[in-house]
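Peer 1: First, the structure itself, so that you have it in front of you.
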Amino acid sequence: MTPPTLALRNHDAVELRRLDVAHHLPAQADYGEIRDLGGSRIITRADGCQFWDIDGKAYLDGMAGLWCVGVGYGRKELADVAYEQMLELPYYNSFFKTATAPAVRLAAKIAAIAGGELQHVFFNSSGSEAIDTMFRMVRHYWSVQGQPYKNVFIARRNGYHGSTVAGASLGGMSAMHAIGSLPIPGIEHVIQPYSFNEGFGEDEEAFACRCAQEIEDRIVQVGPHNVAAFVGEPIQGAGGVIIPPKGYWLKVEAICKKYNILLVADEVICGFGRTGQWFGHNTFGFTPDIITTAKQLSSGYAPISATIVSRAIVEVLREKGGDFVHGFTYSGHPMCTAVAERNLEIIEREDLVTRTRDVTGPYLAKALERLKDHPLVGEVRSKGLLGAVEIVSEPGTNHRFGGKEGKAGPIVRDACIQNGLMVRGIRDSLVMCPPLIVSYDQIDFMIDTIEKSLDQSTAALRAI
Ligand SMILES: *Cc1c(COP(=O)(O)O)cnc(C)c1O
């Protein structure tokens, strides 16, 4: 690893933080807190699985940026592809019967990877937009078949589907609903398949059945003729790396079939190798009608997302849909699609999906086991390169510090960051999602740092 060159002097750091407070509104932040802290942590450069802040401090990136930088930082070929495409054709749109070569090529590549019936791709710039596209397309699909009332979506509490009005509404996070008076009508939230909370101590199969039953009950209650689709993340990411109990997805799939409801997998995090297969639905063995993807599609090098749709849906749209009056200025953006195509080539060339399934994923699972007997740890879990550690106040229970859910994760996360590891603290868990190129040594560093940070946080946790 090359040592960081401090591109910016300390004076610039002070000035940038001042300007951050004065003018910049960062995402998902408490603006009063950012002001009181004197500005955000400013990140200046990155390489491989590591990044550096403006003060020259190095971090191992245990979160792949924001669940996206699969191929790691510093890939010159991705920069070269972007540069060449911008010189040749920096922009053209895909409205009104036009397309560009990189967009068409990427659609074909994604269809080849997705396989089966998932053969059609609509491009957007973000995961949230991929969800919005799905949302409108699903309702349109039923409407043009004479079923305009078949428009209700079923999603899960504590699911995450982005920050737009449709995305935040489909998501099941009450803090997000509270901002902007959401959810919008037509969305029903059901139990999340979170064994450590909702199903603590319950037999795995029994819990899977109970979760599935709640979905079926809700469908019956709303009326199957009113339900358009079920939407869920194969593994909930932002909700806390929640891995459903065995059998859950097959039961959900069967229920959707039984009631003629579309099944949508939000693969924005799970897509393109994260779980050790190309998609999360491959890992769990079910077949969705639509999948939404983003993040690892370009490894974060360019903003792009893809809504991937089955042949059967597109057949209906072709026969009866008329104009699909929906699209974004940057749908199929040439630079973004060119970068994404090369990113997928890198994932294939370096065999990162198989490596995640057979090498690094199992290694992470084994390394996490070292934390299992730590007095502050209630559970460790992982699938591929997604992992979580549950922090509890009493071993063997799911009791939380302070007597209620929510405070422990951020405390231990802050200690990890102090110790040079970027992970996330979600309520009472620590979650991780390292780049797919992560090494054994880096996984060991992650687990050792989490252990050290748990130890250092004990007093602060007991004081909650
Ligand atoms: C991140 C995420 C989104 C939203 O993606 P953005 O690019 O932030 O709009 C949607 N769904 C899931 C599952 C995500 O993890």
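The values are calculated or read from the model by the stated rules, or taken from the named source; none is laboratory data. Because the structure is a prediction, the values reported are computed rather than measured. Neighbour counts are summed over all protein chains in view; Cβ atoms, including those assigned to glycine, are modelled from backbone coordinates with ideal geometry. We work out accessible area using only protein heavy atoms, side chains counted, and drop any ligands, DNA or RNA first. Shrake-Rupley method; radii C 1.70, N 1.55, O 1.52, S 1.80 Å.
Peer 1: Mind scanning Lys57/Lys295; Lys150/Lys251; Lys251/Lys366; Lys246/Lys404; Lys372/Lys452 and naming the pairs with a C-alpha gap bigger than 24 Å?
Peer 2: Numbers: Lys57/Lys295 26 Å; Lys150/Lys251 22 Å; Lys251/Lys366 29 Å; Lys246/Lys404 28 Å; Lys372/Lys452 14 Å.
The answer is Lys57/Lys295; Lys251/Lys366; Lys246/Lys404.
Peer 1: While we're looking at this one, here's another question. Under 1.5 on a/c is rounded, so check that first for the chain, then, if it is not, pick prolate when a/b is larger than b/c and oblate when it is not; a ≥ b ≥ c are the square roots of the alpha carbon gyration tensor eigenvalues. Don't jump to the answer; show the numbers that get you there.
Peer 2: Working: a/c = 1.63, a/b = 1.16, b/c = 1.40.
Oblate.
Peer 1: On each of the three principal axes of the Cα atoms of the range 78-349, give max minus min coordinate, whole Å, ordered largest first.
Peer 2: Principal-axis extents of the Cα atoms in the range 78-349, largest first: 57, 41, 38 Å.
Peer 1: Arrange the residues Asp358, Asp53 by how much accessible surface each exposes, largest first, with a 1.4 angstrom probe.
Peer 2: Asp358, Asp53
Peer 1: Just how much of Arg35 is accessible, in Å², when a 1.4 Å probe is used and the result is rounded to the nearest 10?
Peer 2: 140 Å²
Peer 1: Please give every one of the lysines within straight-line cross-link reach of Lys97, meaning a C-alpha to C-alpha distance under 25 Å, and leave out same-chain neighbours fewer than 8 residues apart.
Peer 2: Lys109, Lys320
Peer 1: Taking every alpha carbon pair in the range 259-408, what does the distance histogram look like in 5 angstrom bins from 0, in percent?
Peer 2: Calculated over all Cα pairs of the range 259-408, the distribution is 2, 8, 12, 14, 14, 14, 12, 9, 6, 4, 2, 1, 0 percent.
Peer 1: Here is a follow-up. Per residue, what volume in Å³ does the convex hull of the Cα atoms of the range 213-294 enclose?
Peer 2: Residue-normalised Cα hull volume stands at 92 Å³.
Peer 1: Under unit Cβ charges (Lys, Arg +1; Asp, Glu -1), what dipole magnitude, rounded to 20 debye, does the chain have relative to its Cα centre?
Peer 2: It comes to approximately 580 debye.
Peer 1: HN-Hα J couplings of the range 63-79 from phi, Karplus 6.51/-1.76/1.60, θ = phi - 60°, integer Hz, Gly and Pro as x?
Peer 2: 10, 6, x, 10, 6, 10, 7, x, 7, x, 8, x, 7, 4, 5, 6, 5
Peer 1: If ligands, DNA and RNA are left out, what is the accessible area of Asp217 with a 1.4 Å probe, given in Å² to the nearest 10?
Peer 2: We get 80 Å² for Asp217.
Peer 1: I would also like to ask the following. For Lys258, which aspartates and glutamates qualify as cross-link partners when the Cα separation must be under 20 Å and same-chain residues fewer than eight apart are set aside?
Peer 2: Glu117, Glu188, Glu214, Glu216, Asp217, Asp289
Peer 1: Restricting to the range 78-349, what percent of DSSP beta bridges are antiparallel, rounded to 5?
Peer 2: Around 45 percent of the beta bridges assigned by DSSP in the range 78-349 are antiparallel ones.
Peer 1: Okay, moving on. Heads up, I need the accessible area for Lys251: 1.4 angstrom probe, whole protein in place, Å², nearest 10.
Peer 2: For Lys251, solvent-accessible area is about 50 Å².
Peer 1: Please find the FRET efficiency linking Thr329 to Ile184, where r is the Cβ-Cβ separation and R0 is fixed at 30 Å, and quote it to the nearest 0.05.
Peer 2: Values: r = 24 Å, r/R0 = 0.79.
It comes to 0.80.
Peer 1: Amide H of Gln192 versus every other amide H placed in the peptide plane: which residues, excluding those fewer than 5 positions away on the same chain, fall under 5 Å?
Peer 2: So Gln192 has HN proximity to Arg157.
Peer 1: Can you bin the range 116-182 into rounded, prolate or oblate? Criterion: square roots of the alpha carbon gyration tensor eigenvalues sorted a ≥ b ≥ c, rounded for a/c under 1.5, prolate for a/b above b/c, oblate for the rest.
Peer 2: Numbers: a/c = 2.17, a/b = 1.42, b/c = 1.53.
Oblate shape, in that a/c is at least 1.5 and b/c is the bigger or equal ratio.
Peer 1: Given the Cα-Cα distance of Tyr31 and Val165 and 0.36 nm per residue of separation, how much length would full extension add, in nm?
Peer 2: So the chain would gain 46.1 nm between Tyr31 and Val165.
Peer 1: On to the next question. Take the Cβ-Cβ distance between Glu202 and Arg311 as r, set R0 to 35 Å, and report the resulting FRET efficiency rounded to the nearest 0.05.
Peer 2: Plugging the Cβ-Cβ distance into 1/(1 + (r/R0)^6) gives 0.35.
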